[in-house]
1. What ³J(HN,Hα) values, in whole Hz, does the Karplus curve 6.51 cos²θ - 1.76 cosθ + 1.60 give for region 90-98 when θ = phi - 60°, with x put for Gly and Pro?
2. Once you put a point 7 Å from the Cα of Tyr145 and another 7 Å from the Cα of Ser98, both along the Cβ direction, what distance in nm separates them?
3. Using the basic label-point model (7 angstrom from Cα toward the beta carbon), what is the Ser236 to Ala188 distance in nanometres?
4. If I model a spin label as a point 7 Å beyond the Cα along the Cα-Cβ vector, how far apart are those points for Lys200 and Arg37 in nm?
5. Need the C-alpha centroid separation for region 94-108 versus region 152-193, integer Å.
6. Which value results when the Cα radius of gyration for the chain is divided by 2.2 N^0.38 Å?
7. How much length is gained if the chain between Ala208 and His117 is pulled fully straight, taking 0.36 nm per residue apart and subtracting their Cα-Cα distance, in nm to one decimal?
8. Multiplying the sequence separation of Gln4 and Glu125 by 0.36 nm and subtracting their Cα-Cα distance, what value in nm do you get?
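The values are calculated or read from the model by the stated rules, or taken from the named source; none is laboratory data. None of the values given here were measured: they were computed from a predicted structure. FYI the Cβ positions are ideal-geometry reconstructions off the backbone, even for glycines, and counts take in every protein chain you see. Side chains are part of the model used for accessible areas, which takes the heavy atoms of the whole protein and leaves out ligands, DNA and RNA. Shrake-Rupley method; radii C 1.70, N 1.55, O 1.52, S 1.80 Å.
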Amino acid sequence: MALQGQHALVTGGGRGIGRAIAQALKDAGARVSILGRDEAALREAAEAGAADAFAACDVRDPGAVSVAIGDLSRAKAFDIAIANAGAVETGPFLRSDSERFRRMIDINLIGTVNLFHAVLPGMLERGSGRLVAIASTAGHRGYPYVSAYAAAKHAVIGLVKSLALETARSGVTVNAVSPGYADTDMVASGLDSIAAKTGKSRDEALAAMVKDNPQGRLVAPEEVAAAVLYLCGPGSAAVTGQSLLVNGGEF
Ligand code: NDP
């Protein structure tokens, strides 16, 4: 068990990609704690064996993140932290006001910043740790009608690259994993809204969504989790400041 004896935290671990990451870390032997706003989903994930402990918390609130991490780390300090919680809003740029940009920055970037601020001091003290942010292919290239989300995910990758340099000699690595469209609630609601707005069937909406992916399919949450597991494992100590693309070869 590669991660035996380690304590991992996953934000947004109650469902979707976060839950798959929690399960993969648990299967690799780690103790796993999860955070999110929906307490029932967190409890259900823990009862199903994807986590050992959970706390309800909005990752946009630095005070709440700090309290939740303080509570959860009483069992053991965190060796691994995965900033997965995120959200997307779509719309043309001219209908994306500054409030939409602030919301996207708040959940996707500041949520990551709050987590890293809370766990990094202990990791630096102990001289080891793994930080991973779940960014997106939209953190590497643009797509139409998601300018606010893409701007926020580019910012996440900028944070990862800079923090990796600051921590390069500390024993802490900082990386991102950047999936293409993955099979989760986030994409399911996107498909519903494309179908409603364009009159396309759900299958036609799905075909349009996966056309950028050369494999012609959605990425499975477990495939994103496998990339995270690699970045948290013992063999990846020299890998820092990277964004690992899980996108079927899109670019
Ligand atoms: P889901 O919408 O399925 O899940 C989002 C998760 O984030 C939930 O667990 C949710 O928990 C949590 N979350 C959202 N807002 C907050 C908040 N303010 N505080 C705490 N937790 C929050 O999304 P995915 O699993 O698809 O996405 C996970 C990550 O992967 C995101 O960062 C997303 O941007 C990224 N990604 C997803 C892709 C996709 O196609 N699905 C592609 C590329 C990247 P709760 O509701 O309990 O708050």
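1. Going residue by residue, I get 10, x, x, 4, 6, 10, 10, 7, 5 Hz, with x marking Gly and Pro.
2. Using points 7 Å along Cα→Cβ, the separation is 2.7 nm.
3. Between Ser236 and Ala188, the label points sit 2.7 nm apart.
4. For the pair Lys200/Arg37, the computed spacing is 2.8 nm.
5. Centre-to-centre distance over Cα atoms comes out at 17 Å.
6. Relative to the 2.2 N^0.38 Å estimate, the chain comes out at 0.97.
7. 28.9 nm
8. 41.5 nm
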